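As structure tokens, the structure follows; a few thoughts come after it.
The values are calculated or read from the model by the stated rules, or taken from the named source; none is laboratory data. Because the structure is a prediction, the values reported are computed rather than measured. As a convention, Cβ positions derive from the backbone with ideal geometry for all residues, glycine included, and neighbour counts pool all protein chains shown.
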Amino acid sequence: MIASGSLAMPRRHAPRPAPPAPPVSNTRLAMIILLAGESMLFVGLIGTYLVFRLAAPVWPPPHLPRLPLTITVLNTLILLGSTLPITRALHAVQRDQPAAAAAGITWTAGLGVAFLVVQGAEWIRLVAHGLTLGGSLYGATFYLLIGCHGVHVLGAVVWLAVTAVLARRGVFTAARHAALEMCAIYWYFVCALWLVLFPLVYLY
């Protein structure tokens with residue numbers, strides 16, 4: 001006699017549903033935290049600059065050299081123009097065109113270097129004419145604020161250079177290019193930050 005339980009079908013466990021994807025990836029979350037920290041840093045620096053700027057009866061002091069407006073406007077156009085090739089690089093990698101993506105990243109890095117070279121040359125001229133870091137409050141706030149931005153541009157250029165090498169090696173694909181996207185976002189950030197600093201320091 002066959003036991004009644006022997007005819008029972010084995011139970012099949014239903015497959016567990018895949019965990020839902022987070023609304024924000026870990027990479028994007030890290031970038032958001034980084035940009036939030038950087039923004040707070042520059043808000044503090046800008047606030048310090050405005051305190052000294054508004055408290056001074058004459059700004060800049062009459063005995064100090066004027067900031068180079070014309071060359072800085074042209075340099076600003078160089079920096080803003082650098083956003084075009086990095087945007088094209090993002091579009092290229094989404095179409096699985098690593099060579100075009102690498103070229104766009106390289107162009108952006110080159111324009112970033114040009115921006116730093118022009119700015120450095122103007123700083124050398126300003127120091128030669130008496131605008132030094134320790135010579136006046138005006139010089140101290142200028143070099144602190146603009147210099148801090150320059151350091152961030154330099155860091156972004158290094159990031160771009162590394163990303164360009166990876167792109168040439170075919171690391172990025174249409175499905176996997178988060179590192180390139182984060183690099184581009186950071187570059188957009190330093191460019192947007194300059195749009196705040198330039199009128200504040202050079203025009204106001």
Kindly provide the set of residues from segment 123-144 that are surrounded by fewer than 18 Cβ atoms within 10 Å (Cβ to Cβ), of a type in the set (A, V, I, L, M) and farther than 21 Å from LEU111 by Cα, ordered by number. VAL127, ALA128, LEU133, LEU137, ALA140, LEU144
Can MET40 be described as in contact (Cβ under 8 Å) with a residue 60 or more places away in the chain and among the aliphatic types (A, V, I, L, M)? no
LEU29 being modelled with pLDDT of 90 or more, under 29 Å from ILE146 (Cα atoms) and under 19 Å from the mean Cα position of the chain (by Cα): no
Looking at ALA175, ALA184, can you tell me which residue is touching a helix residue (DSSP H, G or I) at 6+ places or on another chain (Cβ under 9 Å) and hydrophobic (A, V, I, L, M, F, W, C)? ALA184
Tell me whether segment 86-94 contains one or more residues that are closer than 28 Å to ALA175 by Cβ, over 18 Å from the mean Cα position of the chain (by Cα) and in contact (Cβ under 8 Å) with a residue 24 or more places away in the chain. yes
Test: PRO60 is modelled with pLDDT under 90 and surrounded by 14 or more Cβ atoms within 10 Å (Cβ to Cβ): yes
Output the residues belonging to segment 183-204 that are under 16 Å from GLN94 (Cβ atoms) and crowded, with 19+ Cβ neighbours inside 10 Å. CYS183, ALA184
